[in-house]
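Report on one structure; see the data block that follows.
Read-outs: derived from the displayed coordinates by stated rules, not from any lab. The structure displayed is predicted, hence computed values, not measured ones. A quick note on method: Cβ atoms are made from the backbone with ideal geometry, for glycine too, and the neighbour counts reach across all protein chains shown.
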Amino acid sequence: MSSSKLVLKFLSQQDMIAAGVTDMSYCIDMMDEAFALLGKGDYVMGGSTRNSHGQRVWFPKEPAFEGMPKGGPDQRFMSLPGYLGGRFKICGNKWYGSNVNNPKNHGLPRSILTMTLNDPETARPLAIMEANILSGMRTGAVVGLSARYLARDDSETLGVIAAGPISKFCTDAIAKALPSLKKIVVFDINADAANRFCEEMSEKLNIDVSPVSTFEDAVKGQDVITSAISGDHTPLFEEKWLKEGSLLTLPGRANVEDDYLRGAYIVPDCWEMQKTYKIEGMMLPEDERAIPHSQLHNLVDSGEIAESEIQDLGKVAAGLADIDKNSAKRKYFISNGMILQDIAWATAMYESAVEKGLGQDLVMWDEPYRV
Ligand SMILES: NC(=O)c1ccc[n+]([C@@H]2O[C@H](COP(=O)([O-])OP(=O)(O)OC[C@H]3O[C@@H](n4cnc5c(N)ncnc54)[C@H](O)[C@@H]3O)[C@@H](O)[C@H]2O)c1
């Protein structure tokens, strides 16, 4: 008979680093496994469609109570629950809060994240872990996975828009996925950030990484382009700048032209999740409505793009999609992030921590209180 004593593991940021959370090549492989399960349907996410990205704590723009935070694009809390099958068979929830003023006012990162893993059968918590690095890594690794499956084998150049932490993870992952890469250029509205990015990434990757002074220069003629800007601006990637056969891989906001979408392979991370975003977005008041990729939804709704032509990365990883990555057709990958990615990487870290004897064991109870 199994014990009713409940002990779970707590993993600090140092424990996570010792467990291997910064190992990008391993993380890309874990994302590959998680996406193949997504493509086969062996997963459940939250919400009534079982495909919701997560639930947001939506503060009002003008709170009526003293102390309640004021709503804004970067003042929020978010919970992402889900289950991942395959050899994982585990539930998880990522819970985070974000405040754009954290770095300036409190010396803290903009977002602070924690991750919990649970046994799906008994609901027993297995681990609680620091998840800032975990989350950035899984975001970058999926962009690397998109490069593995969608970039041409002869890709030599990468254009990076924005020099923030997410772009660093994405650049590392793309370089790991594309050994043919020879040159990286980066554009950021903050020239100091771009220069720091070049110094750090050229040393880390041993590739030529240089700043460029315009957005267009970072996009035009590149084999692969990635963008992770923050703030309110959504840049337009003009069709004429995007090279034949190129991959535009987007963890962040972007606008493209309708003609570009009509002629490209369209690969979302998970199309069912993108459809759920639309359903949930329509429930918001009109002035607060923000539906990711509404341009793509409009083209599908008007019949200009057949839904059957959209093949998500899960299907690609599961070998169920039909995409010729070496063709002259351009590829458009969009990612909003899924709990399945966090669960896969958190499970790998939990297993590594158990094997290496890392972290603290927390006793929740010796015997459960019985009424
Ligand atoms: N898809 C996912 O799973 C996922 C996960 C996490 C974050 N994200 C996205 O990544 C974005 C970036 O995250 P971060 O933590 O690196 O943010 P950050 O604020 O730390 O850095 C963003 C960088 O973008 C630059 N920037 C802002 N506007 C720009 C513009 N118009 N042109 C060029 N550069 C510009 C800023 O100067 C800054 O260097 C987030 O806003 C979010 O949209 C996606």
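Taking every C-alpha pair closer than 8 Å and separated by at least 6 residues, the mean separation divided by the residue count of segment 152-337 gives a relative contact order of 23 percent. 3J(HN,Hα) along segment 114-122, derived from phi through the Karplus expression 6.51 cos²θ - 1.76 cosθ + 1.60 where θ = phi - 60°, amounts to 10, 10, 10, 10, 10, 6, x, 7, 9 Hz, with x in place of Gly and Pro. Stokes-Einstein, applied to the Kirkwood radius of segment 152-337 over Cα pairs at a viscosity of 0.890 mPa s and 25 °C, places its translational diffusion at 143 µm² s⁻¹.
So if R0 is 25 Å, what FRET efficiency would residue 74 and residue 12 give, r being the distance between their Cβ atoms, rounded to the nearest 0.05? Given R0 = 25 Å and the Cβ-Cβ separation, E is 0.50.
Counting pairs of Cα atoms in the chain, how many percent are more than 41 Å apart? Value for the chain: 11 percent of Cα pairs lie more than 41 Å apart.
Which FRET efficiency value, to the nearest 0.05, do you get for residue 58 and residue 326 by plugging their Cβ-Cβ distance into 1/(1 + (r/R0)^6) with R0 = 35 Å?
0.20
Each peptide in 306-314, 239-247, 133-141 gets a packing score, the mean of other Cβ atoms within 10 Å over its residues, and the list from highest to lowest is 133-141, 239-247, 306-314.
Using the empirical formula 2.2 N^0.38 Å as the baseline, the Cα radius of gyration of segment 139-192 reaches a ratio of 1.10. Reducing segment 257-320 and segment 239-256 to their Cα centroids gives an inter-centroid distance of 15 Å.
Amide H to amide H, which residues 5 or more places from residue 46 or on other chains are under 5 Å from it, using H placed in the peptide plane? Amide H neighbours of residue 46, under 5 Å, 5+ apart: 52. Summary of packing: across the peptides 51-58, 161-168, the per-residue average of other C-beta atoms within 10 Å ranks them, highest first, as 161-168, 51-58. Show the residues, 5+ positions off or on another chain, whose built amide H is closer than 5 Å to the amide H of residue 76. Hits under the 5 Å cutoff: 98. Taken about its Cα centre, segment 244-371 carries a charge dipole of about 280 debye when Lys and Arg each add +1 at the Cβ and Asp and Glu each add -1 at the Cβ. Per-residue 3J(HN,Hα) values for segment 8-14, derived from phi via the Karplus relation 6.51 cos²θ - 1.76 cosθ + 1.60 with θ = phi - 60°, read 10, 9, 10, 10, 6, 4, 5 Hz in sequence order (x marks Gly and Pro).
Only Cα pairs under 8 Å and 6+ residues apart enter the sum, and on that basis the relative contact order of the chain stands at 24 percent. Can you find, among 187, 328, 303, the residue farthest towards the positive end of the dipole of segment 152-337? Put +1 on the C-beta of Lys and Arg, -1 on that of Asp and Glu. The listed residue farthest towards the positive side: 328. Taking Cα centre as origin and charging only the Cβ of basic (Lys, Arg, +1) and acidic (Asp, Glu, -1) residues, the dipole magnitude of the chain rounds to 540 debye.
Modelled label positions at residue 121 and residue 236, each set 7 Å beyond Cα in the direction of Cβ, lie 5.7 nm from each other.
In order along segment 78-83, the phi-based Karplus estimate (6.51 cos²θ - 1.76 cosθ + 1.60, θ = phi - 60°) of 3J(HN,Hα) comes to 8, 10, 10, x, x, 10 Hz; Gly and Pro are listed as x. Here the calculated FRET efficiency for residue 214 and residue 360, from their Cβ-Cβ distance with R0 = 51 Å, stands at 0.55, rounded to the nearest 0.05.
Tell me which chymotrypsin sites (Phe, Trp or Tyr not before Pro) from segment 61-143 have a DSSP coil assignment and no more than 14 other beta carbons within 10 Å of their own.
Sparse-neighbourhood loop chymotrypsin sites (Phe, Trp or Tyr not before Pro): 65.
Which of 94/183; 183/275; 104/182; 183/325; 89/183 have a Cα-Cα distance over 29 Å? Over 29 Å Cα-Cα: 94/183; 183/275; 104/182; 89/183.
The H on the amide N of residue 113, modeled in the peptide plane, is under 5 Å from the matching H of 131, 132, each at least 5 residues off or on a different chain. A crude spin-label estimate for the pair residue 189 and residue 367, with each label 7 Å from Cα along the Cβ direction, gives 6.2 nm.
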